[in-house]
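Following: one structure in structure tokens, then a few remarks.
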Amino acid sequence: MTALRYAYNTNGLTSHRLSDALPFLADCGYAGVALTLDVVHLDPFADDAFAQAERVRARCDELGLGVVVETGARFLLDPRVKHEPTLVTASAEGRARRLAYLRLACDLAEVLGAEAVSFWAGVPRPGVDRAAAWGWLVDGVRALVDSHGGRSSALAVEPEPGMLVEDCDGWARLAAEAPGIALALDTGHCVVAGAYAPEEAVTRFAPHLGTVAVEGMRRGVHDHLPLDEGDVDLPAVLRALREASFGRLVTLELSRDGHRAHEMVPRSIEALRRAEAAA
């Protein structure tokens with residue numbers, strides 16, 4: 001079975017400089033970094049963003065770290081409204097801004113040598129017709145695939161509880177209407193929304209996986225927890241990934257734990273190794 005490669009998301013390292021975070025991850029035994037493009041680390045709108053990306057790529061190469069690019073920064077596009085605008089925003093100008101940002105993220109991912117670019121649909125605001133929002137989403141994803149599909153980075157849509165695409169079946173519907181996307185499967189989300197247990201989702205959608213995330217999560221509650229907490233059967237998830245010969249990065253996202261990353265980074269890789277042994 002394929003040996004799994006683990007990464008840690010920089011949205012859980014917000015009190016660390018990226019130049020410090022990368023060797024920290026490598027020293028702890030991680031094989032990669034899930035880089036959230038944001039003002040804290042690599043700001044995609046900085047004048048020297050592409051030069052920064054080249055330096056990060058060189059440093060990751062030195063450290064033996066693979067890269068996944070994450071696009072879920074909270075206030076990157078609007079400093080007053082979390083995660084807005086999205087591909088399902090009522091304003092055509094807002095949707096165009098999100099699409100332009102996703103294209104920029106893909107361009108930076110190419111410089112970074114990233115395995116995947118992960119993005120989500122967004123939440124329709126109150127009063128927005130969901131059928132209309134679905135049409136906007138399909139149009140936006142098709143446009144992104146047209147401009148950036150077929151590159152070295154998989155375009156991976158992540159189902160998020162409460163968003164227009166909130167589970168694997170929603171992703172499958174979108175993939176049927178916007179071919180060329182992969183699945184960014186957050187296994188913890190499966191115990192919050194959807195018809196599949198985390199390990200079942202891995203097995204069922206294995207051919208479509210562009211990137212996978214793991215964390216602890218309680219059933220029905222969208223709160224990212226340490227790996228040894230919550231209701232996810234981590235050994236079963238890792239066993240399913242190994243049986244599926246999943247070779248891309250398996251990422252860990254603890255965005256609310258940046259203040260204790262010095263503890264959570266080593267604790268998490270130890271939990272993953274224990275779960276592997278139990279699997």
Phi-derived 3J(HN,Hα) across the stretch 116-124 with the Karplus relation (6.51, -1.76, 1.60, θ = phi - 60°), rounded Hz, x for Gly and Pro, is 7, 10, 9, 8, 10, 7, x, 10, x
Rounding to the nearest 20 debye, state how big the charge dipole of the chain is about its Cα centre with +1 on each Lys and Arg Cβ and -1 on each Asp and Glu Cβ.
-> 160
Local electrostatic count at GLU84 - Lys and Arg +1, Asp and Glu -1, tallied over other residues with Cβ under 9 Å = +3
On average over all directions, what projected area in square nanometres does the stretch 162-227 have, based on the convex hull of its Cα atoms?
-> 4.3
Which one of GLY29, HIS16, VAL40 has its Cα pushed farthest toward the positive end of the charge dipole of the stretch 14-70, where Lys and Arg give +1 and Asp and Glu give -1 at the Cβ?
-> GLY29
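Sorting check: for 155-161, 2-8, 197-203, which peptide has the highest mean count of neighbouring beta carbons within 10 Å, and how do the rest follow?
155-161, 197-203, 2-8
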Taking Cα atoms only, Rg over Rh for the stretch 1-91 with Rh from the Kirkwood formula is 1.03
Using every Cα-Cα pair within the stretch 77-211, state what percent have a distance larger than 23 Å.
-> 30
Distant-in-sequence amide H partners of GLY216 (H built 1.01 Å from N, under 5 Å) | LEU225, LEU227, GLU229
Along each of its three principal axes, how wide is the spread of alpha-carbon positions in the stretch 121-279, in whole angstrom units, largest first?
-> 45, 35, 29
Would you mind calculating the relative contact order of the chain from Cα pairs under 8 angstrom and at least 6 residues apart, reporting the percent as a whole number?
-> 21
What residue among LEU108, VAL221, GLY135 has its Cα farthest toward the positive end of the dipole of the stretch 5-278, where the charges are +1 on Lys, Arg and -1 on Asp, Glu, each on the Cβ?
-> GLY135
Could you work out how far the C-alpha centroid of the stretch 58-84 sits from that of the stretch 21-50, in angstrom?
-> 7
Long-range amide H partners of VAL67 with built H, under 5 Å = VAL33, GLU115
Once HIS222 and ASP139 are pulled to full extension, the length gained, defined as 0.36 nm per residue separation minus their Cα-Cα distance, is 27.1 nm
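Quick note: the coordinates plus some simple rules give every number you see, no bench work behind them. Just so we're clear, the structure is a prediction, and the values are computed from it rather than from any experiment. Positions of Cβ are backbone-derived with ideal geometry, glycine not excepted, and every protein chain shown enters the neighbour counts.
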